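Here's the structure, in structure tokens; my notes come after.
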Amino acid sequence: MQVAVLGGETDFDGWRKAARAFRLAGVTPERAAFRVGAGGDGLFDESLPAVTGEAPFSVPKAFVDLAQEVILHRAGDRFDLLYRLLWRLGTEPDLMKVSTDVDVAAALERAKNVSRASHKMKAFVRFRQVEDETGERCVAWFEPAHRVLERTAPFFMRRFTSMRWSILTPDGSASWEDGALAFGPPATRDMAPSEDEIEEFWKTYYASTFNPARLKTRTMQGEMPRRYWKNLPEAALIPELVARSSVRTEAMVAAPAPEPNARLARTLSRLNRDHAFEEGFVPSTLDELDQAVQACRRCPLWRDATQGVCGEGPRKAKLMIVGEQPGDQEDLAGHPFVGPAGRVLDAALEEARIDREDVFVTNAVKHFKHEPRGKRRLHKTPNTAEVSACRWWLNAERRLVRPRVIVTLGATAALGVLGRKVAVTKERGRGIDLGDGAKALLTVHPSYLLRIPDAAARAGERDRFVADLTQARALL
Ligand code: URA
């Protein structure tokens, strides 16, 4: 057995170096082993022939991308699985396209778990405020399902640029200070503060936005798995809120639309006063834009929405994807495309070999337009006036991000981006010059795909959707 020692549980470079040397030396997967150890940086066994010069083999980018995700999984055999794939790629160059292959399927499943863990981290990190010698800092304790801290920290950096924050986890810690993101050693729960004013705020906020009429305990536990509850201040309220839900449902039917809670109201009025409606106010960062959207009164849609949902993604993304408006789940989570349409979009992006992390994903309209129907909130298409009112925010996002290509999903998105009504089917698939150096590419909305009843027709339309996204990648 040949053993390689890696520098850490997520030491991708170490694994890559060792796996390359193993393969060049003809070490079969059965004879190759990897372990994590102090000072590990590559090969342990001295008897391996040294690698000289350029490596005489290459692997598809899809494999490298997948491997970088899989290595973050907690499964102990992930290094071996990846080496088996690497070895097999030597004689099966198209292996990564065979999603039914046992090893490929296992790796894809793990990558999916990792992506889900990262998504849950974005949704469930809760900061608590502490005071240290240099001022206020927000600290969160979080236990991710997989080792996604470093992968996910840039999201918090973009989201909370103006805050000083630390996220402590059992795998390591991340801190954002003076414009620099730094990673440190593992932490324990007792290193993070447990209660503060923000905690009360979350509880009040959650209780006021919790809609008993939409309570589906199973779905809720799927989206907010129990493993995360212990670190969520608002989770302490769930049993009681669930127990009281039928009583509250009846009361809600009769009650007028709720006002935002006092603290939120104060934030909103401060934002109003500070800048949101000042003549000539132009947000200079995505954070500022996000805050100002929470105070937007350009159209009435804010009244029934939980919050405004702004775009997310890299500040300098080359590709922007514009949807219609947040749906029910996006409205609650505060993030775009995290519900069923988001899952269709994610899968199509993956097939088109576009990393969602590289894309700025947003909507033409920032508040969820809906109407109550029994226990549900039914999506309503925003009208032209609402899309025009919100176009101001979309244009501000475009100015800040400056994408080269904008993919519009459905007619509302096309209206928001082009400023005119278009027949998507007629103008689909060709780059439309937007006059600012960017090109728009029109395609259908993923929820349209979800509504096609016939399986064959749905598969055909989905292929066209993936082809449109692939074309967008080519345009970049
Ligand atoms: N549909 C959209 O258009 N946008 C979202 O964010 C979610 C669903």
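Which FRET efficiency value, to the nearest 0.05, do you get for Glu109 and Lys421 by plugging their Cβ-Cβ distance into 1/(1 + (r/R0)^6) with R0 = 51 Å?
Working: r = 43 Å, r/R0 = 0.84.
FRET efficiency, Glu109 to Lys421: 0.75.
Placing a label point 7 Å from the Cα of Ala75 along the Cα-to-Cβ direction, no residue of the range 18-36 has its backbone N under 14 Å from that point. Ranking of Asp290, Asp132 by solvent-accessible surface, largest first: Asp132, Asp290 (1.4 Å probe, protein heavy atoms only, all chains present). Were the residues from Glu357 through Asp436 laid out at 0.36 nm apart, the gain over their Cα-Cα distance would be 26.0 nm. Between Glu150 and Ala180, full extension at 0.36 nm per residue minus the direct alpha carbon distance yields a gain of 9.4 nm.
Before I look further, what does the range 262-475 give for accessible area per residue, probe 1.4 Å, in whole square angstrom?
Details: 9840 Å² over 214 residues.
Result: 46 Å² per residue.
Of interest is the spacing of the C-alpha centroids, which for the range 348-372 and the range 437-460 amounts to 13 Å. Legend: calculated FRET efficiency, Asp65 to Ala385, from the Cβ-Cβ distance at R0 = 41 Å, rounded to 0.05, equals 0.45.
For the range 262-475, with all protein chains present and a 1.4 Å probe, just round the carbon and sulfur fraction of the accessible area to a whole percent. C and S fraction of accessible area: 50 percent. The mean accessible area for residues of the range 125-191, using a 1.4 Å probe and ignoring ligands and nucleic acids, is 47 Å² per residue.
Counting only protein heavy atoms and using a 1.4 Å probe, the accessible area of Asp80 comes to about 60 Å².
Here the label points at Glu136 and Thr470, each 7 Å from Cα along the C-beta direction, are separated by 5.1 nm in the simple model. If R0 is 30 Å, what FRET efficiency do you get for Asn395 and Gln129 from their C-beta distance, rounded to 0.05? E(calc), rounded to 0.05, equals 0.30. Averaged over residues, the count of other Cβ atoms within 10 Å places the peptides 407-418, 102-113 in the sequence 407-418, 102-113, highest first. Once the chain from Ser58 to Arg20 is taken as fully extended at 0.36 nm per residue, the excess over their C-alpha distance is 12.7 nm. Just to check I understand the Karplus step: with θ = phi - 60° and J = 6.51 cos²θ - 1.76 cosθ + 1.60, what whole-Hz values come out for the range 145-160, glycine and proline as x? With the stated coefficients, the range 145-160 comes to 5, 10, 7, 9, 4, 5, 5, 9, 4, x, 4, 5, 4, 5, 6, 10 Hz. Couplings for the range 448-455, taken from phi via the Karplus curve 6.51 cos²θ - 1.76 cosθ + 1.60 with θ = phi - 60°, read 4, 4, 5, 8, 6, x, 7, 4 Hz in order; Gly and Pro are left as x.
The values are calculated or read from the model by the stated rules, or taken from the named source; none is laboratory data. Because the structure is a prediction, the values reported are computed rather than measured. Ideal geometry is used to build each Cβ from the backbone, glycine not excepted, and the neighbour counts take in all protein chains shown. Please note that ligands, DNA and RNA were not included when accessible areas were found on the heavy atoms of the full protein model with its side chains. Shrake-Rupley method; radii C 1.70, N 1.55, O 1.52, S 1.80 Å.
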